[in-house]
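Step one of this worksheet: look at the structure below.
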Amino acid sequence: MRRKMAAGNWKMNGSTAALSELTALGDAHSDPKCELLICPPATLITAARNTAAKQIAIGGQDCHEAPSGAHTGDISADMLVDAGASYVILGHSERREDHNEGDSDVRQKARTALEAGLKVVICLGESLEERESNNTLDIIGGQLAGSIPDQVTGENLVVAYEPIWAIGTGKVPTLDQIGEVHDFIRARLERRFGAGIGRSTRILYGGSVKPTNAADIFAVSNVDGALVGGASLKAADFSAIITALEDA
Ligand code: 13P
């Protein structure tokens with residue numbers, strides 16, 4: 001059985017004052033029935049690891065594809081591990097857009113992260129234009145083939161489906177649309193990696209997940225949890241989403 005996962009992506013938000021949210025989260029979920037992951041900005045990873053209760057994993061939001069070297073301003077996978085991270089988000093649409101990252105960049109980053117011992121959360125998602133021109137499954141299939149390296153297992157890979165048009169907009173696909181893409185991702189994972197890895201990989205939904213819509217989304221087939229942006233910044237909101245996942 002797949003262990004469900006509630007993951008929070010703080011993006012470029014949060015200073016040391018935000019660490020109190022982590023403490024509150026750990027107190028509210030001392031024995032969670034799902035895996036908990038918080039990905040704060042890189043500047044907070046060590047403090048987050050030192051502050052958060054053990055049942056909360058800490059992750060980075062990106063890493064460089066090279067293990068080390070002359071890359072001013074970048075962060076390596078080994079540095080994330082050293083800072084206290086056990087996961088890294090890769091291929092988020094904001095990285096793909098802001099930093100022009102393509103599938104082959106994401107794949108190389110993922111290989112480097114896995115070699116460093118990190119688990120990877122690889123993000124896939126279509127634009128509104130791609131959705132409206134009925135190209136969603138083609139886009140997701142292409143990103144999956146291009147972004148996920150061959151070295152993954154059911155334990156070190158998490159896939160996040162994040163339609164770009166649903167991120168931070170309050171717009172959410174219909175439950176049928178979410179189910180269609182998650183079923184498709186599951187089938188593609190099984191076809192490429194076999195039933196063992198294909199069935200044990202968690203597939204998260206991300207994009208405007210809130211306490212008010214979480215339970216409905218978690219009832220959809222092949223939704224194993226959520227990657228949450230805005231609603232992960234406040235412990236009370238994220239806690240309600242975690243509870244909805246535990247009850248699903
Ligand atoms: P929001 O939950 O703020 O829409 O962000 C989703 C996201 O991009 C998580 O990675």
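No lab work stands behind these numbers, since they all come straight from the coordinates. This one's a predicted model, so the numbers in the text were calculated from it and none came from an experiment. Note: ideal-geometry Cβ built from the backbone for every residue, glycine included; neighbour counts use all protein chains shown.
Values as computed for the structure displayed
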| item | result |
| --- | --- |
| Neighbour net charge for Phe193 - beta-carbon separation under 12 angstrom, K R +1, D E -1 | +3 |
| Rounded Å value of the spacing that divides the Cα centres of the stretch 172-237 and the stretch 66-117 | 23 |
| Relative contact order (percent, whole number), the stretch 180-248, Cα cutoff 8 Å, 6+ residue spacing | 30 |
| Point-charge dipole on Cβ atoms (K/R +1, D/E -1) for the chain, about Cα centre, debye to 20 | 560 |
| Using alpha carbons only: equivalent-ellipsoid semi-axes of the chain, gyration tensor based, whole Å | 24, 22, 17 |
| The stretch 44-127: trypsin sites (Lys or Arg not before Pro) falling in loop per DSSP and having at most 14 other Cβ within 10 Å | Lys54 |
| Equivalent ellipsoid dimensions for the stretch 90-161 as semi-axes, Å, which come from the Cα gyration tensor, largest first | 22, 13, 9 |
| MRE, 222 nm, helices only [DSSP H, n ≥ 4, -39500 (n - 2.57), over the chain, to nearest 500] | -12000 deg cm²/dmol |
| Estimated inter-spin distance, Ala28 and Leu137, nm [label 7 Å along Cα→Cβ] | 3.8 |
| Lys pairs under 16 Å by Cα in the chain, provided they are eight or more residues apart or on distinct chains | 7 |
| Label-point gap, in nm, between Asp74 and Asp183 - each point 7 angstrom along Cα→Cβ | 4.1 |
| Trypsin sites (Lys or Arg not before Pro) restricted to DSSP loop in the stretch 148-225 with at most 16 other C-beta within 10 Å | Lys171 |
| The chain: relative contact order in percent, alpha carbon pairs under 8 Å with at least 6 residues between | 21 |
